[in-house]
Structure formats: structure tokens, C-alpha cells
1. Quick check: pseudo-label points 7 Å beyond the Cα along Cα→Cβ at residue 37 and residue 22, how many nm apart are they?
2. Find the centroid of the Cα atoms in region 79-114 and in region 27-64, then give the distance between the two in whole Å.
3. Place a label point 7 angstrom from the Cα of residue 119 along the Cα-to-Cβ direction, then list the residues of region 81-105 whose backbone nitrogen is under 17 Å away.
4. For the chain, what number results from the quotient of the Cα radius of gyration and 2.2 N^0.38 Å?
5. Excluding same-chain pairs closer than 8 in sequence, count the lysine pairs in the chain whose Cα atoms lie under 13 Å apart.
6. For residue 65, enumerate residues with amide H under 5 Å from its amide H, sequence gap 5+ or separate chain, H modeled in the peptide plane.
7. Roughly how big is the chain's charge dipole about its Cα centre, with Cβ charges of +1 (Lys, Arg) and -1 (Asp, Glu), in debye to the nearest 20?
8. Tabulate in residue order the Karplus-calculated ³J(HN,Hα) for region 85-96, using 6.51 cos²θ - 1.76 cosθ + 1.60 with θ = phi - 60°, rounded to whole Hz; enter x for Gly and Pro.
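The values are calculated or read from the model by the stated rules, or taken from the named source; none is laboratory data. Fair warning: this is a prediction, and the values are worked out from it, not measured in the lab. FYI the Cβ positions are ideal-geometry reconstructions off the backbone, even for glycines, and counts take in every protein chain you see. Ligands, DNA and RNA are excluded from the accessible area calculation, which covers all protein heavy atoms including side chains. Shrake-Rupley method; radii C 1.70, N 1.55, O 1.52, S 1.80 Å.
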Amino acid sequence: MDDQGVANVKDAKWSPPKAPEIPAGVMVAPIAADPGAANIGYAKYPAGYVFPMHFHSAVETTTLISGKGRYTISGKAYDLEPGGYVVIPAKAPHKFECVSGSECVVITRRPAPVDYNWVK
């Protein structure tokens, strides 16, 4: 995963996530992954989409590429515009909302396999 590489969102190969527990509407485009370890990829959310509250076992870093989004992390909301960046600590409950009138695209990196622990 840390070998030299180049990715451009315009060349992304979008598909639905493989994890069946992710609510419909999200599209993903993996960039790189180490088997059983770190991963990085794009995600695309339709306008108005809300990704439900959840947490991961490892830290997550995300940059908003397009659209306007709102992350709620541990009860506090953060509005992001393109170029905005968030660090979500391990086990911090968070959700994402695409609050713009058009789709939102993000790039996310995790240092460990992704897991989804849903918060009710």
C-alpha cells in the first residue's frame, strides 16, 4: 500500500460496497489495501445522504473532495467544504451527512481493516 502510486478521482471505478450492512446509496472505489491491514479509497454519497452513526476500531482520516458535508464526531458537528479534513479517533461514534445539493466525494485512509460498529 505504501508503494509508489497515483490515483485520480476522475479515473475511479465505482461500485457498491461489499459490506452488506452499509446502507444503499453509497458507491466506493478502492485505491489500495494491504491484506488484513491498512486501506485507502474514495466514497461517493448522493445529495442528502446520511451515513448512520457508527465507530471503527482504528483511527480514520478523511478529506472531502467535492460537495459539502457534515461530520458529527462524538456529539459535535463539523461542516466541511472541499479540501476539509477530519481525523476520527478509534472508537469515536460518528456519522456523515452530504448536505450539499450535489453528491459528496471523500477519500478515506485507515491503518487497519475497516469494521463497522453501528450505534443505535
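1. The two pseudo-label positions are separated by 2.2 nm.
2. Using only Cα atoms, the two centres lie 7 Å from each other.
3. Within reach of a label on residue 119, which here means backbone N under 17 Å from a point 7 Å along Cα→Cβ, region 81-105 contributes 86-98.
4. Numbers: Rg = 13.5 Å, N = 120, 2.2 N^0.38 = 13.6 Å.
Against the empirical 2.2 N^0.38 Å value, I get 0.99 for the chain.
5. Numbers: 10/44; 13/44; 44/68; 76/95; 95/120.
Pairs that pass both the separation and distance tests number 5.
6. Amide H to amide H, under 5 Å and 5 or more residues apart or across chains, residue 65 pairs with 83, 105, 106, 107.
7. Details: 12 positive and 11 negative charges, 60 e Å.
The dipole of the chain has a size of about 300 debye.
8. 9, 10, 10, 10, x, 3, 6, 7, x, 8, 9, 10
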